[in-house]
Amino acid sequence: MRIWYDACTGKHVRYGTAMAETLRKHGWQVMLTTRKHPDTLSVAKALKEDFLPIGQYDPRTLMTRLKGGTKRQLALCELFEKHEPDVAISHGSVDLCRVAFGLGKPVITTVDTPYADAVHRLTLPLSKYIVASKAIPENTLQRYNLDAHIISFNGVDEVAWIKDFKPATKHRYGKPLIVFRQLEEHAIYTKDKYDSLVLAKKLTKLGNVVFLSRYARKNVKGLIVPHGFVDSASLVAQADLFVGVGGTITREAALQGTPAIIINLFQQQYVNDFLIEKGFPIHRTDVKDLFKVAADCIGRRKNVSHLLDSLENPVDTIASIVDEIRTD
């Protein structure tokens, strides 16, 4: 079995690395591809995993994205002219889904953002298997593909790399430490916006604020802005508070017991609500109440090891699907 995984972001690289480790133990060959992106190659290097970079992500306009994706799909076609994959897996890679579907290969797609409608329209209709947390209602996924096999697991994607995680880097940013993740303003699904820098600066009254920029990493007075790669999972493990809009780093923090605040911006936060109900330290608030909630939550870490042990690892679910495909 030759399995292809394509990573579009740093989070995907972490996920793909965790999958590759398990799938290789099953004796399967795994090929990992990615694209040039602010986080992908640096995360791959930190994880010591070999990802082949194909194409790049240029979010400036819809046209630059379209051209970049089209060029990348052609390059991937050329890559597989001699040796095609047997199975294709991604966390919503439009390029992988289009190429694998065109080659007649089964596609497995993992999902954790029900509100990413544009991506789902281009990936889920081409997917034979859709893997998602049981927190996400099946009907939100079925509307994209009535024929797909939707497999739910009792957990969240981040369990795949946080389960036995040990911080690899000791950060020396001082205490109390607050990590603030910039809003993904260029994402298609981001309709409402706020000024991340203004909010981050207000939080400096409570402690040292590390501002994780998604784009230009320039110095900002009063904030700590890392210019190189930062291992977010290690950083939030050592932080006293994390603030974001509800994405991957929120769950990386909460799964390690660090209080995490979600600024209410996106609807359908099923996965985060699932963890809140389980007892993980995630708190939701509006922009106007952020400072008050942050003051109440900072430093209030929680031992969540028993809660983490109760969650299923999605990689095991994916390995079972691949094994099923192999025996068909």
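The values are calculated or read from the model by the stated rules, or taken from the named source; none is laboratory data. This structure is a prediction, so every number in the text was calculated from the model and none was measured. Cβ: placed from backbone, ideal geometry, glycine included. Neighbour counts: every protein chain shown.
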Test set (1) modelled with pLDDT of 95 or more; (2) among the charged types (D, E, K, R); (3) farther than 23 Å from Asn145 by Cβ - Asp86 fails condition number: (3)
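One line per residue, one yes/no per condition, for (1) β-branched (Val, Ile, Thr); (2) at pLDDT below 95; (3) crowded, with 18+ Cβ neighbours inside 10 Å:
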{"residue": "Leu212", "(1), (2), (3)": "no, yes, yes"}
{"residue": "Lys218", "(1), (2), (3)": "no, yes, no"}
{"residue": "Phe229", "(1), (2), (3)": "no, yes, no"}
{"residue": "Pro259", "(1), (2), (3)": "no, no, yes"}
{"residue": "Asp286", "(1), (2), (3)": "no, yes, no"}
{"residue": "Asp316", "(1), (2), (3)": "no, no, no"}
{"residue": "Thr327", "(1), (2), (3)": "yes, yes, no"}
Those residues of region 126-136 which are part of a loop (DSSP other than H, G, I, E, B) and buried (at least 20 other Cβ atoms within 10 Å of the Cβ), in sequence order: Ser127, Ala135, Ile136
Residue identified as farther than 21 Å from Lys175 by Cα, in contact (Cβ under 8 Å) with a residue 40 or more places away in the chain, among the aliphatic types (A, V, I, L, M) and surrounded by 24 or more Cβ atoms within 10 Å (Cβ to Cβ) among Val236, Val271, Val245: Val271
Any helices (runs of 4 or more DSSP H) falling wholly within region 239-328 and containing at least 2 residues that are over 25 Å from Lys202 (Cα atoms) and in contact with a strand residue (DSSP E or B) (Cβ under 7 Å, 6 or more places away or on another chain): 270-278, 314-327
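One line per residue, one yes/no per condition, for (1) touching a helix residue (DSSP H, G or I) at 6+ places or on another chain (Cβ under 9 Å); (2) in a helix (DSSP H, G or I); (3) buried (at least 23 other Cβ atoms within 10 Å of the Cβ):
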{"residue": "Cys97", "(1), (2), (3)": "yes, yes, yes"}
{"residue": "Phe101", "(1), (2), (3)": "yes, yes, no"}
{"residue": "Gly104", "(1), (2), (3)": "no, no, no"}
{"residue": "Leu124", "(1), (2), (3)": "yes, yes, no"}
{"residue": "Ile151", "(1), (2), (3)": "yes, no, no"}
{"residue": "Val156", "(1), (2), (3)": "yes, no, yes"}
{"residue": "Pro167", "(1), (2), (3)": "yes, no, no"}
